[in-house]
Amino acid sequence: MRKRTIFIELTSLLDVILIMIFVLLTQARAQTTEAVEDAAADRAALQEVRQEMQAAQAEADRVRNHLKAENEALLQKTEALEAEVDALGRRMISENLVLDNSLVLSLSVAADASVSLDVREGESIRIPYDWNDSTYAYNRLRSLLYEQLNQAAGRTVFLVFQYDRASIYHAEYEMILQVIQETKLEASQREILLSVIEMDVKE
């Protein structure tokens, strides 16, 4: 018995295989291109993130340096203020010691020409001034100043005469100066230290 010979047409099959390979290569190329593009996009995104992180780091460094500079400035100001407070504290102690060992009297003239004598403890005495007869004001002021000398008790006396040169009358000014000069002489005779300070309040 003879075997049959089967002839297979390979041309069509080869075409199909080639077409399939072409399709697979095309798909592979497309996928590769897409993968490359995705990788490039990822690299670009990563680079952008790195740039943002660097910018954020730079800003953080700038803020940190700024805060450090401000903190150093505040520390310097604090040290300066502490030194100033210490100096003021020492000055206040000195001033309090001086005030505790002194008697401060203040003479001033009001708008109605009356004379006021203020004592540091808060006492204020008003002396009316009469244009027609200044004897009462003169005697009363001298008497009050002498009484304050009696209360000095070894303390230094500071007599401050405050006035407005533009409004005080010459006669009243001269009367007060005369009483002050007599008080200085009295203090000298009693060996009381008396310092007179004359001050124009408008200067």
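The values are calculated or read from the model by the stated rules, or taken from the named source; none is laboratory data. Please read all numbers here as calculations on a predicted model, not as lab measurements. Backbone-built Cβ (ideal geometry, glycine too); neighbour counts: all protein chains shown. The area values use the complete protein model at the heavy-atom level, side chains included, leaving out ligands, DNA and RNA. Shrake-Rupley method; radii C 1.70, N 1.55, O 1.52, S 1.80 Å.
Matching residues to (1) charged (D, E, K, R); (2) open to solvent by less than 80 Å² (accessible area, probe 1.4 Å); (3) part of a helix (DSSP H, G or I); (4) modelled with pLDDT under 80:
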{"site": "3", "(1), (2), (3), (4)": "yes, no, no, yes"}
{"site": "12", "(1), (2), (3), (4)": "no, yes, yes, yes"}
{"site": "24", "(1), (2), (3), (4)": "no, no, yes, no"}
{"site": "29", "(1), (2), (3), (4)": "yes, no, yes, no"}
{"site": "41", "(1), (2), (3), (4)": "no, yes, yes, no"}
{"site": "45", "(1), (2), (3), (4)": "no, yes, yes, no"}
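Could you tell me whether residue 165 is in contact (Cβ under 8 Å) with a residue 40 or more places away in the chain and not in a strand (DSSP E or B)? In short, no. Of the candidates 155, 165, 126, the single residue that is of a type in the set (D, E, K, R), more than 17 Å from residue 193 (Cβ to Cβ) and either surrounded by 14 or more Cβ atoms within 10 Å (Cβ to Cβ) or within 41 Å of the chain's Cα centre (by Cα) (or both) is 165.
When residue 65 is tested against (1) surrounded by 10 or more Cβ atoms within 10 Å (Cβ to Cβ); (2) at pLDDT below 85; (3) not charged (D, E, K, R), just one condition goes unmet, and that condition is (2).
Counting only residues that are of a type in the set (D, E, K, R) and surrounded by fewer than 14 Cβ atoms within 10 Å (Cβ to Cβ), which one in the stretch 109-123 is farthest from residue 163 (Cα to Cα)?
If we take residues in the stretch 109-123 being of a type in the set (D, E, K, R) and surrounded by fewer than 14 Cβ atoms within 10 Å (Cβ to Cβ), then 121 is farthest from residue 163 (Cα to Cα).
Residue count for the stretch 173-203, restricted to those that are within 16 Å of residue 114 (Cα to Cα), under 46 Å from the mean Cα position of the chain (by Cα) and of a type outside the set (A, V, I, L, M, F, W, C): 1.
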